[in-house]
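The values are calculated or read from the model by the stated rules, or taken from the named source; none is laboratory data. Keep in mind that what you see is a predicted model, and the values were worked out from it rather than measured. Neighbour counts are summed over all protein chains in view; Cβ atoms, including those assigned to glycine, are modelled from backbone coordinates with ideal geometry. Keep in mind that these areas ignore ligands, DNA and RNA; they rest on the heavy atoms of the full protein, side chains included. Shrake-Rupley method; radii C 1.70, N 1.55, O 1.52, S 1.80 Å.
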Amino acid sequence: MRLLTLWSLVSLSLLTYLPQYSLASVLAIDYGNDFIKASLMKPGVPFDVILNKDSKRKISSVVAWKKGDRLFGQDAFNLASRFPSDTFSSLKLLQASPFDAPVVSYYGKVSTSDVVESDRKTVSLVQSDGTEWAVEELVAMEFAYIKHLAELVANEKVSDVIVTVPPYFSQFERDAIADAIEISGLRTLALINDGTAVAVNYAMTRTFSTPEYHIIYDAGASGIRATVASFTTASDPKTGASGTHIAVAGVGYDRDLGGIELDRRMREILIEAFNTKHRRNIREDKRGMAKLWKEAQRVKAILSANTEVISNIESLAWDIDFKTKVTRAQFEAACEDLKGEFAKPIESALKNAGLTLDNITSVILMGGSTRTPMIQAALKAAVGEDKIATNVNTDEAAVLGAALHGASLSRQFKTKNIKVSDIGVHDVQVSYFAAPTSSNTRPRSITTLIFPAGSKVGTKKVLTFKRKEDFSLFLDYKNPVAPGFPTRMLEVDLGNVTEAIANLTERGATDPVVKATLTLSESGFVSVTDAIAFGEIKDESLTGKLKGLFGGGSSSSDEATQSAENVPPRDSDTASPSSSAAAETPSSSAAAEKDKKPAVPVENTIPLTISVRFTTIPPMTVDEKKKARGRLRAIDLEESAKSRREEARNTFESYLYRLRDLLNDESADTPFKKCSQSSERQAISEKLDESFAWLFDRGDLAETSQFLDKRIALETLEKPIIHRYQEIEAFPQALNNSQMWNWSTRLFLQEARANLTAELAADLPSKWTKDELDGLEKTLREHEAWLSEWVEKQKSVKSNEDPVIETTEMKARAKVLETHLQKLWKRKVPKVIKKKPKPTATTSAETPVETDGAAGEEENGEEAPFNEGAGEEDQVPLQEDDRPHDEL
């Protein structure tokens, strides 16, 4: 019923007038630290979560290698205890992280993988054979695996993807996700905050008679975040259609607290128990640590429903079996310092939204860690048990909401009308150096908060500069987004300013300025999207003067701009909005971009060059992404060739055993022995022994083509036997088919000749002529004679001899007779024309005699030809082939 409800809400109706190739698919990926969930939106495909090859609805976020074979999901997760250095998990923690950031040291505590510093000063992971992989490359492998699963469901190529990210992800981390998407062969449709995606899923099956505020509390593996969202259902004043509007009002988060930290503390309990009992340091054994990590996750999950559990691991390390009892009280005591932190993201979200708990309808729980009793107890104490809601699927709500939002971005789908308004959670500021007033003046730095925390995504702001030379803009976060991360996002050089300003001055522009447009995109990226030199040029013509008289001049004053000069001196480099000449708020900027389209004359503007530099954590360059994609493609091709080789070997080996069973069957009346000669069986037996010997000696080193060649050599010997058996099986049906058409043709000829004789006697048109029937009878006799001759010859052929008559030839000759018969059988009977009464001389001279319809015409109004000189009763229409009838 859940699937039926979802399907009724998402009408993926096929646009029948569009060609098949124009239909699109949208892939949604909820990329979590421990698990990945995916969903596909495609016309004709049920809206649900994609299953992996084991029919699991969620896939472990792990990639691993086993002796050169790459594995994903649970198979890769299970390899951690055997190949700890070749198993890579928890990659979400390392997205765009500087190598010297505290999170890298923390990663070493929860993972057995080896890390090194990359050329971009970020993190790369190393296999046991020394192969290095960037984090983006490993994540791209996981995305490519999800893409492969989606294409199996869609039965076509999938390219567009929407991916969920935590709202606190910085531009560096979002760039890393976008790079991984591109390397995997997908195309970024959008990035959506995971709390917003859950809100979309929550609104899918609901309408809101009055506005409601809900908190989506998402306790995942890598962090905890709380999203305050308002839900409103109203009718569109233009179309009248009802729709739901979701607006994110505030976000709170703790990126250091999540399921990973709980797992780490549980493993510490197990480590302490082992070291104390066996007097050995288990931390020195990577395999033992990997086994304990897996056991810690299992024990934590059991303690969510039980007060105690027995942990038992065979041969944990040094051939020591480990067994201990862990209680819930023991686990909660180890996490005592965290209990007061679980509800703080809710407090921060409410504060940022300017709301209180009294305004909140419910707190919707999301994420696997919300099943932990101490987190539930902390939330109930903070918000009250009556506000806790568990009415969404904690594992799948985000990916299903993201899929619906992704479908709404495409014109190929008709979805429920849900509009989403999201916000950024970090303060973004722009800084630049003021124009020097003299050569000895020290450059003064001016900083302006351009996108405060809470700014709506999709917002654009225009900065106005009174500059006459090239200059640079520096985009920064006001505060570090995470420990060890830089605040500088990018630097933008605006060029061609001097030439553009001089050009506008020559045209008569008054006080030309530079305008730069800064954008906070829907996916949370900040960039400088446009830069121009602008000057108001007075039109001295009569038309221009009239426009100036009636207010039709330049509309540059209508733009919501922020002055970037004439800022009074300050002790610090940070400029507050109030200190600038004309401060702009986010709402005024959004209104300016959305509602006001100034009609600036083309000659009043000159585009400037924009050059972007990444000086801290750069995203991957085009060449680096090409190289990474080439590495992944090489692995895919190698794995594909290996898969084909294994399939060829398995098929060849099973074929050998089947042939051996046929030869060794002691029964003498088997079809194989009946249809084969002793010399043929002997040849197959010798070739079979030779093939077995080759397989055992060279099978591990053989190429795919060699397996195919060996099989073809055996099939060539077996093919005549198979052909004889198939002919014996098909002969009765082919003979019966031929005889059936002989009988049907003879019966048709008897009836047709009788009808032809009667029609000639009655002087009526006939469907056939005598020559046509004679021709059909000739074909029939030739077929009967051939069939009789060769069937007699076939009777003397033994079952182990090649047939003298092939069933394919029998069918072909029968088809000739059938076609000839059907041609005559389907012919329509000629229409009989009504006869016109012959007028007398008197009536024809005086008054014409009227009949039913026009004289001398058929019922359809066409004139019917008659034989000249025929009598009144014997006038009949000529045949279509113009052969006249005999006259009486």
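Here the dipole of region 152-264 is about 340 debye; that uses its Cα centre as origin and unit charges on the Cβ of Lys and Arg (positive) and Asp and Glu (negative). With only the Cα atoms considered, region 450-521 has a convex hull volume of 104 Å³ per residue.
When the alpha carbon gyration tensor of region 320-425 is reduced to an equivalent ellipsoid, the three semi-axes, largest first, read 34, 22, 12 Å. By the Kirkwood approach, averaging reciprocal distances over each pair of separate Cα atoms, region 77-192 gets a hydrodynamic radius of 15.1 Å. Counting only Cα atoms, region 697-777 measures 87, 22, 15 Å along its principal axes, largest extent leading. Sorting the segments 357-368, 660-671, 200-211 by their residues' average number of neighbouring beta-carbon atoms within 10 angstrom, most packed first, yields 357-368, 200-211, 660-671.
When the residues Phe83, Phe231 are ordered by accessible surface, computed with a 1.4 Å probe over the protein chains alone, the sequence from largest down reads Phe83, Phe231. Over all other residues within a Cβ to Cβ distance under 10 Å of Arg827, the charged ones net out to +3, with Lys and Arg as +1 and Asp and Glu as -1.
Toward the positive end of the charge dipole of region 20-141, with +1 on the Cβ of Lys and Arg and -1 on the Cβ of Asp and Glu, the farthest Cα among Met141, Ser90, Ser61 is that of Ser61. In straight-distance terms, cross-link reach from Lys380 covers every one of the lysines whose alpha-carbon lies under 24 Å from its own, apart from those fewer than eight places away in the same chain; here that gives Lys300, Lys339, Lys344, Lys351.
Between Leu760 and Lys811, the simple spin-label model (points 7 angstrom out along Cα→Cβ) gives 4.0 nm. Maximal additional length on extending the Lys109-Glu272 stretch stands at 57.2 nm, based on 0.36 nm per residue less the C-alpha distance.
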